[in-house]
Every structure is written in structure tokens, then in C-alpha cells.
Amino acid sequence: MFGAEFPSPVLLASGTCGYGREYADLIPLDEIGGLVTKAVSLEPRPGNPPHRVAETPGGMINAIGLENPGLHGFIADKLPWLREHLRRAQVFVNVVGHSAEDFAAVVSGLDGEDGFLGYEINVSCPNVKGGTMFGTDERALADLVARLRGCTERPLVIKLTPNVPDVGDFARICEEAGADGLSAINTFPGMVVDIARREPLIGNRSGGVSGPAILPMGVYATWRARQTCGLPIMGIGGIRNADDALQYILAGACLVQVGTASFVDPGAAVAVHEGLSEYLEANGGARLGDLVGALRSWRGTGPAIPAGR
Amino acid sequence: MSRQAASVNRQAAPASRQAAPASRQAAPASRQAAPASRQAAPASRPAVPVRRRAAPASRRAALLSTRLVARDTWWQEFDCPDIAATALPGQFVMLGVGLDAPGSWLLPRPFSVGWTGPGGEVGILLRAYGQGTRALAKLETGQTALLLGPLGRPFDTEGAAVVSVAGGVGLAPFIFLAAREAAAGRRVRLIYGERDAGAVFDPALIARLTDHEPELFTEDGSAGRKGLVTAGLDPASNALLLGCGPTPLLRALAAFAREHGRRLQVSVEEHMGCGIGTCQGCVVRAADGRWVKSCIEGSVFPAEELDWGAI
């Protein structure tokens, strides 16, 4: 997958694992598949005013505002730790930009560095002005992916937004423009109203909704992407356990990312991997690869797939 | 952090309660050794010693006891020797029910460590404000929860004379502090305010934990002295002030400290996602204009580090 070995098919999702170091005391990072860093932009970004996070029914809303130390801060302060401490876990750097030039500058600026496998291009952040601009405009997305393809030979994964009529169309565009993979899906735009104050609860007014509430939408987005293109897909959105991960895998994901669930239990990604291994063992030593996209197309046809644990 | 505050090692808390280090009762010698880590504060910020903190642990821990101590307020003790052994006053834990709780989804909430017991107990003071805290309040003895901690920057009392000022469940870290200091033969003055008598945490239980009762204020005068806790402050004293409670209380303390040239450390509260610095959700505005994460850069801040106009 992406020309690399993944110790596990379960990665930590961008924005929920910092730059890896924060989890080092809590989970054996080299036993998970890897992690996707907090977004890195060309210039440092201060982020949004509080409140930045709140719990919502079946999940949470966040509007962090892509706070990050910028390209040079990342290279100086964050990347060395990843390079020195991770031996097996694979690292994707999540990249964000205001313009195609910004994205290209970050990718070009990072490409000569060691310590990571590839990029996850964030064209889908709902919490900054223009954050989904590239992810919701077919032409802009095609141009961006093609441009970044020219900047790197590393794996180039595009993190899609669900905020489009059909994710499948955007998945196909990414493939045609030269991407190596997809992450499906980013958060859904949402809002919480503080009724006592009669004002938005979140400082940014709106935010991105994640957690179990979006699991079926993420699975659907993965399925749509799988139907329209042949790229490997990282399934993401609301995964708490192996059963959730298997939904994504059967719908077409070959890797999964655990995000919000890590806040509830930092060991969630480890537990999802354990659960997947148990499932495979319980199913006669099946290979995970055999299950990818192995969704029966019609109820009652195709091979029966034993229920998860 | 008046709080109320998820976790990992899935194995049950080890049966090492007897092995819980005896050093817990005494104020650990490491507190004097703190200066080694002073350089941790960036030069652009006021030099405040950041004590060397233990790495957090994530544990599924059994609820040993739960007791309704005031209106909508519970004192809960968990069996969590790892965290009990390393927590310092002002630090917190993220407490949640975990991912496999039937039919529920609940982000963990931050809670100040309110006490640590010789048997590895971790006590917290929980006030049910909303859906999440109400769910935690319903935990029954023997059930387990996920604890992640100890987290955050503790109070730095440097052996100074201390006056601690608590509003509501902001009392919790000061019970812990007073108990630790009492074990070392020192007394911490504790001023405690609530809205009314019904909200007051049983003073006798506080006295049992800390060796003395707090100076109590209620807004309506139904218990203790009538008025706000700030009425209990002595402008002539030069003791180190510590504050934990609602933001208006912290603001009033900051104003008092500024006016009288007093040192003040406050524990702030902001919505928190992870407790370990990854989500960057819990920021407050620093005096130098930066957003600082209350989970790892706080939750205790020297008052002068914060922008009080933005808090």
C-alpha cells in the first residue's frame, strides 16, 4: 500500500493526534498503522478563538482553525521527533493552503525531508475561510492535484469533503489528475447554538462535526469513491471499533483512520486493530485485502460474510 | 479548572494498591527539586517554574465509592494507583465511560484531582451541569470508567504561605492541596464560596480530608458568611493566592492581585477535547497574544500570563 508496509491498517486521523509525540506515553505508536499529522500550512496560523470544541449528539464539533506552526516550524520542531521515534508506523503530513501556490510550497518545502511517507492534502476543512474551496470545485481540485503531482513522487492522498453532491465525482477527478489515494471523509459543517446566550457556541460560529454521528455518511462516501475510481481509500469518520472499521473496509477502504474516538479512549486505534485481527482469525484466517470492497452488491446475493464480533 | 475532565491501557488497574508508594502522603522531595525544569518556560513568558510532571497514564478504573455531598454534586473515588501516585495539586484527569458503553457516546470531561488516598484512590468532585456530567454522576460503585492523567501544570506553591480561593467545585484541587500540606504539617488557608447552603460540600468531610474546615461564604448567607469569597481576602497579607472556580471569580481575583501586587495562580476552564494537547481545542488568550492550551500549558497559569480582557 502506497509502496510501504503498514504495521496495522489503522491510522490516527489528522487533528486528533497532534504531531504524534502527544500520544507517545499512551499507546505503542509503532504498533498502529501510522498517523496523519495536524495540518501544516506555509505560514504559522494562530487558530480560531474559543470555544473551539463541544460535544454534540453522537459526536463533537470543532473549529480549531488549523492552528499550526507553519512549514518551517513543523520541519524544525515536529518532524525530527517523528523521524527519530517512529520505526514502523507510517506518517502522512496533512497539508493545507489558501492557494494552490501555498499547497505547492508546503509540499515542495517538505519533499526533501525524511521522516514521513507522503501527504494528505486537506482540501476539505470547513473551519477556515475558503477551506473547502478546492474540495468543492471540480476544476480547482483537478488543477491543484495535477500541480502537486508535479511537486512530489511521494504518495499523494487527497482528503475529500462530504460537502458536495456526489463524492464519487471528486474521487474520479483526483484519480485522473494523478493522486495516489483518497481519504474519505472530512468533517461535516455544523453549528451549535447556545440558547442561554442566544449566540453560536463555537467561536468560529460554525465548525466540523465528527464522531459516530457521521459514520454512515463516511461509509457512503467511501462506497461512492470506490465505485468511481480505483485509488486506495483511507476510510475515516466515526470509527469506534472493529465493526465500524469493517463497514468502511467492505465499502472499499483499504486503511482506516480513527479520529474522535481517540479522545474518548486514546487506545481506540490499538483496539480497532486488535478487533480486526480477531475478526480475521475468527473467519478462517481471511486476509483483510480480500474484504476490501467486498460488499455484496445486492441483498441476498454473493458470498455470505460472517458478522463481526 | 473547576471541573469536572480518556484513556488507554485496557488492562484493569493493577492490584498493586498496597504497593502504592508511601511517598504519596508526604509532600514529595521532588517539589524542591523543581528548579531543574525552570527553563521549560519560554523566555518570552514570565519565568514560572514548571514542575517536572509524570507522564500521563490511561486506565480503566473501578469506582470505589460515590456519595452525594451537595445539590447535584458527588464525591467519587476511583481505584487508580498509577494516577494517585503521581498526581500533583492543580492537575486533572480526563474522566469518561469509554467507547463500549451501551447506547452512549460521551467525550471525557476534565476533573481536577480532588484527593489521592494511601490505597491508590483518586477522588474527584463532580457537579452535574449537563448530559455528560449527569451520565458520570450515575456511575455506581463497582462500575468502571476511563481515567487519563495526571494532566496539566500543577499549582506551584514553592513552600510559600498560601491562600486558596475556591468557587463551587473549584474547591476540588484545594482539598487535594490542603490534604497534602496537612500531611507535611503545613496549613493552607482555604476560602470557599457557593451560591447557597444547598450547594455546599459537607464541611465535615472536607475537614476529614484536610484537617480543617474551609472559611465558607454563600451569596445568600444561608451558610457561612454572606457575600463573595473575595470578601475573605486580606489586602495586607502577602501570601500566594491560588484561585479555581467560575471565570467571574478568577477575574475578581486577578483584579485584586493586580491592585495589591499579589502573586496569583489560577486554574482556568475551557472546553476540552483530548486533555493532552492534540486537539488544540482548549485555548485561552495569553498576555502576549498567543492562544495557549489550557490542558498542557495550564490548566494552572500565573495570572500575569493571561489576557484578562479576553477571558
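The values are calculated or read from the model by the stated rules, or taken from the named source; none is laboratory data. What you see is a predicted model, and the numbers here were worked out from it, not measured in a lab. Quick reminder, even Gly has a Cβ in these numbers, built from the backbone with ideal geometry, and neighbours come from all protein chains shown.
Checking each residue in segment A:24-33 for being in contact with a Ser or Thr (Cβ under 8 Å, 6 or more places away or on another chain), more than 7 Å from chain B (Cβ to nearest Cβ) and not acidic (Asp, Glu) picks out A:Ile32, A:Gly33. In segment B:166-184, the count of residues that are more than 28 Å from B:Gly277 (Cβ to Cβ) and β-branched (Val, Ile, Thr) is zero. Filtering segment B:127-180 to residues that are touching a helix residue (DSSP H, G or I) at 6+ places or on another chain (Cβ under 6 Å) and within 22 Å of B:Glu194 (Cα to Cα) leaves B:Arg127, B:Ala128, B:Ser164, B:Val165, B:Ala166, B:Gly167, B:Ile175, B:Ala178, B:Ala179. For segment A:240-259, a residue qualifies if it is within 14 Å of another protein chain (Cβ to nearest Cβ), touching a helix residue (DSSP H, G or I) at 6+ places or on another chain (Cβ under 8 Å) and not in a strand (DSSP E or B), and the qualifying residues are A:Arg240, A:Asn241, A:Ala242, A:Asp243, A:Asp244, A:Ala245. If you go through segment B:269-292 and keep only what is within 13 Å of another protein chain (Cβ to nearest Cβ), surrounded by fewer than 21 Cβ atoms within 10 Å (Cβ to Cβ) and farther than 18 Å from B:Gln91 by Cβ, you end up with B:Arg285, B:Ala286, B:Asp288, B:Gly289, B:Arg290. In the set (1) closer than 13 Å to B:Val300 by Cβ; (2) assigned to a loop (DSSP other than H, G, I, E, B), the condition left unmet by B:His271 is number (1). Within segment B:297-308, restricting attention to residues that are crowded, with 20+ Cβ neighbours inside 10 Å and hydrophobic (A, V, I, L, M, F, W, C), the residue that is nearest to B:Cys244 (Cα to Cα) is B:Val300. Count of segment A:200-239 residues, restricted to those that are in a strand (DSSP E or B) and over 18 Å from A:Met60 (Cα atoms), is 3. Consider A:Gly190 carefully, then state whether it is under 26 Å from A:Glu67 (Cβ atoms), within 14 Å of another protein chain (Cβ to nearest Cβ) and more than 16 Å from the chain's Cα centre (by Cα). Judged against the criteria, A:Gly190 is not a match. Return the pair list, or none, for Cβ contacts closer than 8 Å from residues in segment B:232-254 that are under 17 Å from B:Leu216 (Cβ atoms) to residues that are of a type in the set (D, E, K, R), at least 6 apart or on different chains. Here the result reads B:Gly232/B:Glu215; B:Gly232/B:Arg225, each pair linking segment B:232-254 to a residue that is of a type in the set (D, E, K, R). Applying a threshold of 9 Å to beta carbon distances and a minimum spacing of six or more residues, or different chains, the list of pairs starting in segment A:270-294 at a residue that is farther than 14 Å from A:Pro7 by Cα and ending at one that is of a type in the set (Gly, Ala, Ser) and at pLDDT below 95 reads A:Gly275/A:Gly308; A:Tyr279/A:Ala286; A:Tyr279/A:Gly308; A:Leu280/A:Ala286; A:Ala282/A:Gly308; A:Ala294/A:Gly302.
Among the residues of segment B:233-268, those identified as part of a helix (DSSP H, G or I) and either within 14 Å of another protein chain (Cβ to nearest Cβ) or surrounded by 16 or more Cβ atoms within 10 Å (Cβ to Cβ) (or both) are B:Thr247, B:Leu249, B:Leu250, B:Arg251, B:Ala252, B:Leu253, B:Ala254, B:Phe256, B:Ala257.
Identification of helices (runs of 4 or more DSSP H) wholly contained in segment B:125-232 with 2 or more residues that are under 30 Å from A:Ala268 (Cα atoms) and not polar (S, T, N, Q) yields B:131-137, B:172-183.
Please determine, by comparing only the residues of segment B:293-311 that are within 11 Å of another protein chain (Cβ to nearest Cβ) and of a type in the set (A, V, I, L, M), which one is farthest from B:Ala87 (Cα to Cα). Filtering first and then ranking leaves B:Ala310.
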